[in-house]
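No lab work stands behind these numbers, since they all come straight from the coordinates. Keep in mind that this is a model prediction, so the values were computed, not measured. Every residue, glycine as well, gets a Cβ built from its backbone with ideal geometry; the counts of neighbours run over all protein chains shown.
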Amino acid sequence: TKKLDGNRFVIYNEALHDMVKREQFIEEALHHSVERGEFTVVYQPIVDAKTHEVYAHEALLRWQNTAYGQVAIPYIIELAEKTGDILEIGRFVLEAACRQNLNWVQQHTYDGLVSVNVSSLQFEDFNFVASVKEVLKVTGMPPERLEIEITETNAMLNVEDKISKLRELKELGIKIAVDDFGTGYSSLSYFTQFPIDTLKIDKSFVEDMMRDENALAIVSMIVNMAKTMRIKTTAEGVETKDQYNKLLSMGVDRIQGYWISKPGPPEQLTSKDHIKGVF
Ligand code: C2E
Ligand code: CA
Ligand code: CA
Ligand code: CA
């Protein structure tokens with residue numbers, strides 16, 4: 001009836017209104033979050049599949065706002081990309097991760113790499129390479145201990161600009177990983193031109209591969225292609241020993257996931273002994 005439709009419309013409208021208001025509130029709150037110290041960084045180890053040595057700790061952002069509590073980070077990144085705040089947030093994570101890495105090295109707890117996620121908008125910013133250089137300078141971080149994780153999103157746009165940025169970073173000694181590999185839309189042929197060190201196989205394939213032959217075929221294809229191109233592979237989202245064994249038998253170089261360690265605050269750095277105990 002008309003009346004019911006009318007009610008539905010009102011309910012829908014209110015829900016939409018609440019959603020838009022919440023989004024606006026979060027955007028406004030995000031605008032001041034770095035200066036207010038509402039962002040923290042947790043770290044998750046990436047481990048060599050054969051030697052079980054920690055290759056890197058990946059920095060993962062967390063946002064704690066008094067009014068909203070913990071909000072999912074991909075949503076925060078999406079909003080921050082919309083407002084432009086991602087540039088300040090991205091710089092904050094990079095600087096925090098470099099300082100943390102230096103801290104660990106000074107305390108002799110860890111001497112591997114730190115890996116930092118870079119959003120595509122941040123990477124596309126004309127000032128990106130300069131801002132990385134500046135962070136290295138102000139922190140005193142050796143570039144060889146920094147890895148950046150970029151995604152395939154928009155990889156086909158401004159290819160020349162992307163290649164030249166990546167080359168410049170690589171010449172400094174920074175490592176380049178491609179995150180969520182296999183989920184993007186970019187053409188594989190571009191990747192032969194990108195100076196990449198590591199492909200991170202998306203966790204959706206790892207999750208599905210034990211029961212889905214197609215997912216298994218994708219993992220195997222990525223690993224074999226990477227070997228031919230002399231690029232390393234990291235499998236994300238490894239949650240079980242069965243998954244680990246399968247990945248090891250396929251020749252994956254490194255693994256990361258809850259089975260080894262969940263992301264944690266820097267004080268709870270996963271020790272080598274702890275990791276070896278898992279295998
Ligand atoms: P990502 O870079 O692909 O990171 C992997 C995500 O999977 C992380 O979620 C991690 O906590 C989670 N994870 C790790 N091991 C497992 C596992 O075994 N099973 C499952 N189910 N999940 C696992 P998180 O921390 O919520 O981050 C989500 C995404 O947000 C990241 O995906 C990344 O795209 C983005 N992100 C996080 N921190 C940053 C940052 O500092 N900058 C940018 N630009 N993006 C970030
Ligand atoms: Ca990542
Ligand atoms: Ca991923
Ligand atoms: Ca992701």
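A few notes on this one:
- Anchor K165: aspartates and glutamates whose Cα lies under 16 Å away (excluding residues fewer than 8 positions away in-chain): E124, D125, E134, E147, E149, E152, D197
- With a Förster radius of 22 Å applied to the C-beta separation of D212 and S189, the computed FRET efficiency comes to 0.25.
- Free of any trypsin sites (Lys or Arg not before Pro) that DSSP assigns to a loop and that have at most 11 other C-beta atoms within 10 Å, the longest stretch within the chain is 51-210.
- For the stretch 57-188: relative contact order, % (alpha-carbon pairs under 8 angstrom, 6 or more apart): 23 percent
- DSSP H segments from the chain that extend 18 Å or more along their own axis, Cα-based, with Kyte-Doolittle mean of -0.5 or above: 86-106, 213-228
- The charge dipole of the stretch 114-162, taken about the Cα centre with unit charges on the Cβ atoms of Lys, Arg (+1) and Asp, Glu (-1), comes to about 240 debye, rounded to the nearest 20.
- Full extension of the chain between E88 and S249 yields a length gain of 53.8 nm, computed as 0.36 nm times the residue separation minus the alpha carbon distance.
- Taking max minus min of the alpha-carbon positions on each principal axis, the stretch 152-279 gives extents of 45, 39, 23 Å, largest first.
- Ellipticity at 222 nm from helices only: DSSP H runs of n ≥ 4 in the chain, each -39500 (n - 2.57), divided by the residue count, give -15000 deg cm²/dmol.
- Inter-part distance where the stretch 77-151 and the stretch 226-255 are each reduced to a Cα centre, Å: 25 Å
- Shape summary: the chain maps onto an equivalent ellipsoid whose semi-axes, from the alpha-carbon gyration tensor, are 32, 25, 21 Å in decreasing order.
- Net charge contributed by nearby residues that have their C-beta within less than 15 Å of M225 (K/R +1, D/E -1): 0
- Values of log10 I(q)/I(0) for the stretch 12-165 across q = 0.13, 0.21 Å⁻¹ run -0.69, -1.38, by the Debye formula with one identical scatterer at each alpha carbon and no solvent.
- Its Cα gyration tensor gives the stretch 52-136 an equivalent ellipsoid. The semi-axes, each the square root of 5 times an eigenvalue, are 24, 18, 11 Å from largest down.
- Positive-end residue of Q193, M250, L172, charge dipole of the chain with Cβ unit charges: M250
- Principal axis box of the stretch 109-182, alpha-carbon based, largest edge first, Å: 39, 26, 18
- Radius of gyration (Cα atoms) of the stretch 151-210, expressed as a multiple of 2.2 N^0.38 Å: 1.20.
- Value in Å of the Kirkwood radius, where the stretch 96-228 supplies the Cα pairs that are averaged: 16.1 Å
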